[in-house]
Amino acid sequence: MSMPSRADWEQRAQNLTIEGRAFVHGAYVPAADGATFDCLSPIDGRRLAAVANCGDADADAAVRDARATFESGVWSRLAPVRRKAVLQRFAELLDAHREELALLESLDMGKPVRDALKIDMPSAARCLRWCAEAVDKLYDEVAPTGPDELGLVTREPVGVVAAIVPWNFPLLMACWKLGPALAAGNSVILKPSEKSPLTAIRVAQLAVDAGLPPGVLNVLPGYGHTVGKALALHMDVDTLVFTGSTRTAKQLLIYAGESNLKRVWTEAGGKSPNIVCADAPDLRAAARAAAGAICFNQGEVCTAGSRLLVEASIKEAFMAMLLEEIRAWQPGHPLDPATNVGALADRQQLDTVLGYIAAGHAEGAALRCGGRRIMEDTGGFFVEPTVFDGVSNAMRIAREEIFGPVLSVIAFDDIDEAIRIANDTPYGLAAALWTADLSKAHRTARALRAGSVWVNQYDGGDMTAPFGGFKQSGNGRDKSLHAFDKYTEIKATWIRL
Ligand code: NAD
């Protein structure tokens, strides 16, 4: 895949026509009250679009439309093999528009366009394709009854699904929900983050172009919690799926309890430990991965390896390698194809990250690199990759999710201590371990309370592996066939013969 130059991307950015309206029943529409908010680029503060600021009336209209579409059977009762064909076409259209979508994603949330093009867009299309291909291979069950009865255990689509997604991988997180939800036959209302709504709005049209009937996918952008709250409290939304912070996840569970007890599935925050033992097979590879685990996507990754646990006997040698590897990750203009660290998503995120860096200093951690905002003259929100050494697991920078390129290095003496520190967190999304000792690897992987455990690598996995969290990192799983559990109800039909 050839990569356009920065000048090409800049030129295309000038010529982009950006849609900011909501999408309901196959057409772009303004918010019911005409309200909009400004969507600003974190790269230079430029205004990209006026985006519809949807509210209660829009949520009502979109849910009514989604319900009517679901009940009509135009999608929900279509044969799986035909739903598959539409979703495959949808994936093809994502591929065909990947450069436009990658540019939108980069401008909107500040990630390097190179990553948006080579990682986010292909992964989003692959997710849709994988779910499409799965759906005509999922069989129901027949219960082991006696001869006079027939027990059918069947899966049905849940109905109307609201999907609330974050800004760090805007289209990819949306597709982790859309793939299985649409494949299973549901109608979906997608609520993108106010910080990055543009690709979700754009692909709604591509879905219809691919043959998805109007009303099966509606997209409602909105500022702050407004339209998300309206969907979460709505009496006619059957299931709410969410990726975002633990704080919002808790609130959504309350909304479900206050309304119709809709099913709520949450993928929430993380503070993932990356454990490097002295007997790691390749310490250089571990250092390279540790740098990538905190710098990729500006550290705005739910599975960021934000706590680096290093065995004390090798710590100084390992720190030297780590600091060398971090040098390969330096912020640059996101439209420059050489850039691997872009801008933080907005001013609020910048302030949060700088606040944690100040907290690290105040709590007595030792700064080993970075720590400053840079490229301020661009008007963008760029922060240097930052490493704190001498961190204790009780410090705020070790306990709270920073969601930026700030690494806390913690020393340990033996693997039992490493496991204790690793698990001493409210989160349980991911963990990694570097060792050449097979038994230690298995024992430790079992002991780690996390939804994903990586051994001698960081961030492995693909659509075949479930993804989700233990503890306050959420419930349920995205990706793999397990994802379909969120989007189907199980029915037992008992027949006397
Ligand atoms: P956030 O919780 O602030 O927002 C997520 C979404 O919820 C946005 O669309 C937002 O508008 C909406 N929202 C906020 N308050 C709401 C409310 N009261 N009612 C309804 N909707 C509301 O999270 P964020 O800052 O967008 O994303 C970063 C977080 O996402 C991090 O904590 C990160 O770890 C998490 N994340 C988790 C995963 C995962 O798979 N576990 C993946 C990516 C990101």
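The values are calculated or read from the model by the stated rules, or taken from the named source; none is laboratory data. This is a predicted model, so every value here is computed, not measured. All Cβ positions, glycine included, derive from the backbone under ideal geometry; neighbour counts span all protein chains shown.
Any idea which of Ser187, Ser193 is within 13 Å of the ligand (Cβ to nearest atom) and either in contact with a Phe, Trp or Tyr (Cβ under 6 Å, 6 or more places away or on another chain) or under 23 Å from Ala465 (Cα atoms) (or both)?
From the options Ser187, Ser193, the qualifying one is Ser193.
Within the range 127-149, how many residues are surrounded by fewer than 11 Cβ atoms within 10 Å (Cβ to Cβ) and more than 23 Å from Gly185 (Cβ to Cβ)?
4
Filter the range 449-479 down to the residues that are in contact (Cβ under 8 Å) with a residue 60 or more places away in the chain and farther than 20 Å from Leu178 by Cβ and list them by number.
Listed by number, the residues that qualify are Ala450, Ser452, Asn456, Gln457, Tyr458, Asp459, Gly469, Gln472, Ser473.
Take the residues in the range 122-154 that are touching an Asp or Glu at 6+ places or on another chain (Cβ under 6 Å) and not polar (S, T, N, Q), then tell me which one is farthest from the ligand (Cβ to nearest atom).
Selected residue: Val153.
Just one of (1) away from the ligand (no atom under 14 Å from the Cβ); (2) among the hydrophobic types (A, V, I, L, M, F, W, C); (3) under 23 Å from Ala447 (Cα atoms); (4) crowded, with 21+ Cβ neighbours inside 10 Å trips up Ala312, so point out which.
Going through (1) away from the ligand (no atom under 14 Å from the Cβ); (2) among the hydrophobic types (A, V, I, L, M, F, W, C); (3) under 23 Å from Ala447 (Cα atoms); (4) crowded, with 21+ Cβ neighbours inside 10 Å one by one, Ala312 breaks only (4).
So if I check each of Ala102, Ala61, which one is hydrophobic (A, V, I, L, M, F, W, C), farther than 23 Å from Ser123 by Cα and either surrounded by fewer than 16 Cβ atoms within 10 Å (Cβ to Cβ) or at pLDDT 95 or above (or both)?
Ala61
Looking at the range 196-223, which of its residues are of a type in the set (Gly, Ala, Ser) and either within 14 Å of the ligand (Cβ to nearest atom) or at pLDDT below 95 (or both)?
Matches in the range 196-223: Ser196, Ala200, Gly222.
In the range 392-399, is there at least one residue being of a type in the set (A, V, I, L, M, F, W, C), out of contact with any strand residue (DSSP E or B) (no Cβ under 8 Å at 6 or more places or on another chain), surrounded by fewer than 17 Cβ atoms within 10 Å (Cβ to Cβ) and more than 30 Å from Pro122 (Cβ to Cβ)? First the steps, then the outcome.
From the range 392-399, those of a type in the set (A, V, I, L, M, F, W, C) are 394-395, 397-398; that's our starting set.
If we keep only those that are out of contact with any strand residue (DSSP E or B) (no Cβ under 8 Å at 6 or more places or on another chain) too, we end up with 394.
Now narrow it down to the ones that are surrounded by fewer than 17 Cβ atoms within 10 Å (Cβ to Cβ): 394.
Among the residues that remain, those that are also more than 30 Å from Pro122 (Cβ to Cβ) are: 394.
The answer is yes, given that some residue of the range 392-399 is of a type in the set (A, V, I, L, M, F, W, C), out of contact with any strand residue (DSSP E or B) (no Cβ under 8 Å at 6 or more places or on another chain), surrounded by fewer than 17 Cβ atoms within 10 Å (Cβ to Cβ) and more than 30 Å from Pro122 (Cβ to Cβ).
Considering only residues of the range 224-246 that are in a loop (DSSP other than H, G, I, E, B) and buried (at least 20 other Cβ atoms within 10 Å of the Cβ), which is farthest from the ligand (Cβ to nearest atom)?
Across the range 224-246, the extreme among qualifying residues is Asp238.
Without any contact (Cβ under 8 Å) to a residue 60 or more places away in the chain, within 16 Å of the ligand (Cβ to nearest atom), out of contact with any Leu (no Cβ under 7 Å at 6 or more places or on another chain) and under 22 Å from Leu40 (Cβ atoms): is that true of Asp351 in this structure?
Taking the combined requirement at face value, the residue satisfies it.
Go through (1) part of a loop (DSSP other than H, G, I, E, B); (2) surrounded by fewer than 14 Cβ atoms within 10 Å (Cβ to Cβ) for Gln11 and report which single condition fails.
Every condition holds for Gln11 apart from (1).
Does Thr266 fit the bill of being part of a strand (DSSP E or B), hydroxyl-bearing (Ser, Thr, Tyr), farther than 16 Å from Gly159 by Cα and more than 7 Å from the ligand (Cβ to nearest atom)?
In short, yes.
Name the residues in the range 468-497 that are under 19 Å from Ala422 (Cβ atoms), assigned to a strand (DSSP E or B) and within 17 Å of the chain's Cα centre (by Cα), would you?
Phe470, Gly474
Return only the number of the condition from (1) farther than 26 Å from Glu300 by Cα; (2) under 17 Å from the mean Cα position of the chain (by Cα); (3) among the hydrophobic types (A, V, I, L, M, F, W, C) that Leu198 does not satisfy.
Every listed condition holds for Leu198 apart from (1).
Testing Leu172 on (1) more than 17 Å from the chain's Cα centre (by Cα); (2) surrounded by fewer than 24 Cβ atoms within 10 Å (Cβ to Cβ); (3) more than 7 Å from the ligand (Cβ to nearest atom), one condition comes back false. Which one is that?
In the conditions (1) more than 17 Å from the chain's Cα centre (by Cα); (2) surrounded by fewer than 24 Cβ atoms within 10 Å (Cβ to Cβ); (3) more than 7 Å from the ligand (Cβ to nearest atom), Leu172 misses (1) alone.
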